[in-house]
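Here is the structure we will look at.
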Amino acid sequence: MYSALTSRLEKMERVFFMLLYAPVDSREPEPVRGKVWLQKEMYALSKVFTDLEEDAGFEAYHYGSFSESVEEVKDQYENSKYVDRGRRDEIQLSAKGRALAAEVWGSASEEERQAVLEIKEVFNDMSLDELLLYMYQTYPETAENSSVRDRVMGNKFRLAVSLYRKGKVSYQKAAELADMGLDDFMQRVKMHAN
């Protein structure tokens, strides 16, 4: 049975709670690594849940895609004690937030849960620069106003190899992230391995 609060949640709030609740490697909700990860994961989810994209109003900003609406949702639920900040600035559910998020998660379709899990699993343990490279190369419009774009793009080969070795991307995707053809990328990886 849905609580009164659960039934009043907007789409963005529902996706926000699903993202914080999604248990990637265990049965327990896994925190989102930080504010940048929250913004990027919500951006990727806005491409899956198209009705979220307009509500979020993402803009190209300092680290790429940024939504004031996502930030407001995080702040609102942090202020009302549904969300806590972890030791390393992680964004996690409080006990009160877990109860609400469990209801939201339970009311979601299997497709919605799977989409959230897949994005969180791929993004959540990337380093900051790996995350930014992935976003800038996959969604180039997000890099337009980035103040760190040159630094990230200057390390794109190393970051792409790291993402491949972590199992976050395929060889083909790693080559795309490095702005290289697949054969050239494979050759360069072999050269650096020796």
> With each pseudo-label sitting 7 Å past Cα toward Cβ, what's the LEU128-VAL148 distance in nm, one decimal?
Replying inline: 0.4
> Rg to Rh for the range 65-131: what is it, with Cα atoms only and Rh by Kirkwood?
Replying inline: 0.98
> Which cross-chain or sequence-distant (5 or more) residues have an amide H under 5 Å from the amide H of TYR61, H modelled 1.01 Å from N in plane?
Replying inline: PHE66, ASN145
> So who's got an amide H within less than 5 Å of the one on GLY34, skipping anything under 5 residues away but keeping other chains? H placed 1.01 Å off N, in plane.
Replying inline: ILE91
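Could you work out the helix-only [θ] at 222 nm for the chain, with each DSSP H run of four or more residues adding -39,500 (n - 2.57) and the total divided by the number of residues, to the nearest 500 deg cm²/dmol? Could the numbers behind the result be given before it?
Working: 12 runs with 122 residues, N = 194.
Calculated mean residue ellipticity at 222 nm is -18500 deg cm²/dmol.
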>> Could you tell me what a quarter of the Cα convex hull surface of the chain works out to, in nm² with one decimal place?
In response: 11.8
> Projected onto the charge dipole of the range 1-123 (+1 at Lys/Arg Cβ, -1 at Asp/Glu Cβ, origin at the Cα centre), which of LEU20, SER107, PHE123 gives the Cα projection farthest towards the positive end?
Replying inline: LEU20
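Using per-residue counts of other Cβ atoms within 10 Å, averaged over each peptide, order 128-139, 157-168 from highest down. Could you put the intermediate results ahead of the total?
On the way: 128-139: 21.1, 157-168: 17.9.
In decreasing order of mean packing, 128-139, 157-168 become 128-139, 157-168.
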> To the nearest 20 debye, what charge dipole does the chain have about its Cα centre, counting +1 at the Cβ of each Lys and Arg and -1 at the Cβ of each Asp and Glu?
Replying inline: 840
>> Please list, in order along the range 104-119, the HN-Hα scalar couplings obtained from phi with the Karplus expression 6.51 cos²θ - 1.76 cosθ + 1.60 (θ = phi - 60°), rounded to whole Hz, x for Gly and Pro.
In response: 4, 4, x, 8, 7, 6, 4, 5, 5, 4, 5, 4, 5, 4, 4, 5
> Which ³J(HN,Hα) values, rounded to whole Hz and listed in residue order, are derived for the range 28-37 from phi using the Karplus coefficients 6.51, -1.76 and 1.60 in 6.51 cos²θ - 1.76 cosθ + 1.60 with θ = phi - 60°, glycine and proline given as x?
Replying inline: 8, x, 9, x, 7, 4, x, 5, 5, 5
> Given H placed 1.01 Å from N in the peptide plane, which residues other than close sequence neighbours of VAL83 have an amide H under 5 Å from its amide H?
Replying inline: GLU78, SER94
> Spin-label point model (7 Å from Cα, Cβ direction): what's the ARG87 to ALA102 distance in nm?
Replying inline: 2.5
> When we measure straight from the Cα of LYS120, which lysines land under 29 angstrom away, once same-chain ones fewer than 8 places off are left out?
Replying inline: LYS11, LYS35, LYS40, LYS47, LYS74, LYS81, LYS96, LYS156, LYS166, LYS168, LYS173
>> Rounded to two decimal places and with Rh computed the Kirkwood way over Cα pairs, what is Rg over Rh for the range 1-113?
In response: 0.93
>> Explain nothing, just the number: relative contact order of the range 1-123, from Cα pairs under 8 Å at least 6 residues apart, as a whole percent.
In response: 35
> What per residue convex hull volume, in Å³, do the alpha-carbon atoms of the range 126-194 yield?
Replying inline: 78
>> If I build a Gaussian network model for the chain, linking alpha-carbon pairs within less than 10 angstrom, which residue out of SER109, SER94, SER69 has the largest mean-square fluctuation?
In response: SER109
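Every read-out reported here was derived from the displayed coordinates using simple, explicitly stated rules and does not represent laboratory data. Small disclaimer: the values here were computed from a predicted structure and weren't measured. We place every Cβ from the backbone using ideal geometry, glycine too, and count neighbours over all the protein chains shown.
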